[in-house]
Amino acid sequence: MTDVDVVVVGSLNLDLVVRSQRIPGAGETISGSEYAEYAGGKGLNQAVAAARSGASVAFVGNVGDDEAGERLRSIVRAEGIDDARLHTIDGMATGRALITVDDHGENSIVIVPGANGAPLHGDLPRGRVFLAQLETTVAGVRRAFEHARSIGATTVLNPAPAVDLPGELLGLCDVVVPNEHEVDLLGGRTALSGRVEHVVVTLGSAGADHVNDTRTAHIEAFPVTPVDTTGAGDAFCGALAGRIAAGDEMDAALRFAAAAGALATTQPGAVPSQPRLAEVQRLLSA
Ligand code: RIB
């Protein structure tokens, strides 16, 4: 069996997106200006980002037996991603995300996991890099990373949304990519870098920090005008996994990921905003 470049273990959501001037507070009702539905979910966004960066990708995850599940599966296929281990769970709904995007492109998100919360069963593919997030079960991610370790693959975890992580899972990670909030919940940079070889803290429009042993390298952000930041962190993670699988050194892979993340903020939607290889290369050489 040939190894794919990247195996993504993760979620798929139908994103129900409202645009409004600002994000409402508790108990408040405000009017929005637009409504749209996009393919999303951290797993699917990252798989598309990796595929569009040139990697061959296989997906491991679950959709429900509804129209949204069929829609998302057809997007997986259209992106050239292997859907042999994308299971349809009878009697369950496909994941949904309710998203509000404000005038500055910032968002707030509530997810309803649906089938993403069902166990990830079945055999696992071979791949060079395994990439996961935490919108599916921690047990499923752990099983996938144990398998990855047993075949000598590199493991990349985006610990989002933040949950209490068992130490055993962190011990199976080669690269962890939290944002500032998530790294605090995982005990801080110093504690985390004592357990994981590469800690990459994403800082939004301020770029990212790569903590490796005692050295911290800063990755500059690419200046862009954001319209919607949804899926930008996913673009970063998917592109990073794709470039690691391609054999890039970490510094080069992180610069590529930062460019992909920046470009994703310039388009609305999660999956639709994932940039293609040529666009990323153009920004890198600009
Ligand atoms: O990271 C962005 C994603 O978070 C959205 O696409 C939404 O589905 C939620 O999973």
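Coordinate-derived values only; no laboratory data. Because the structure is predicted, anything quoted here is derived from the model rather than measured. Every residue, glycine as well, gets a Cβ built from its backbone with ideal geometry; the counts of neighbours run over all protein chains shown.
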Convex hull over the alpha-carbon atoms of segment 26-104: what's its volume per residue in Å³?
-> 133
Could you list which residues have their amide H under 5 Å from that of Gly41, counting only those 5 or more apart in sequence or on another chain, with H placed in the peptide plane?
-> Asn13
How big is the gap, in Å, between the Cα center of segment 125-204 and the Cα center of segment 208-283?
-> 18
In a GNM of the chain with a 10 Å cut-off on Cα contacts, which of Ala132, Ala235, Ala221 has the highest mean-square fluctuation?
-> Ala221
Would you please calculate the Kirkwood hydrodynamic radius of segment 163-279 over all C-alpha pairs and express it in Å, rounded to one decimal?
-> 14.5
Normalised contact order of the chain, rounded percent, pairs of Cα under 8 Å and 6 or more residues apart | 20
Using the Kirkwood radius over Cα pairs of the chain, the Stokes-Einstein translational diffusion coefficient at 20 °C and 1.002 mPa s, in µm²/s and rounded to a whole number, is 115
Most fluctuating residue of Ala206, Ala257, Ala153 in a GNM of the chain with Cα springs under 10 Å: which is it?
-> Ala206
How high is the relative contact order of segment 153-218, given as a whole-number percent (alpha carbon pairs under 8 Å, six or more residues apart)?
-> 26
Restrict the search to segment 6-63; then list the GluC sites (Glu not before Pro) that DSSP places in a loop and that have at most 16 other Cβ atoms within 10 Å of their Cβ.
-> Glu28
Just Ile30, Ile111, Ile219 to compare: in a GNM of the chain, with alpha carbon springs under 10 Å, which one fluctuates most?
-> Ile30
To the nearest 0.05, what FRET efficiency results for Tyr35 and Leu203 with a Förster distance of 22 Å applied to their C-beta separation?
-> 0.10
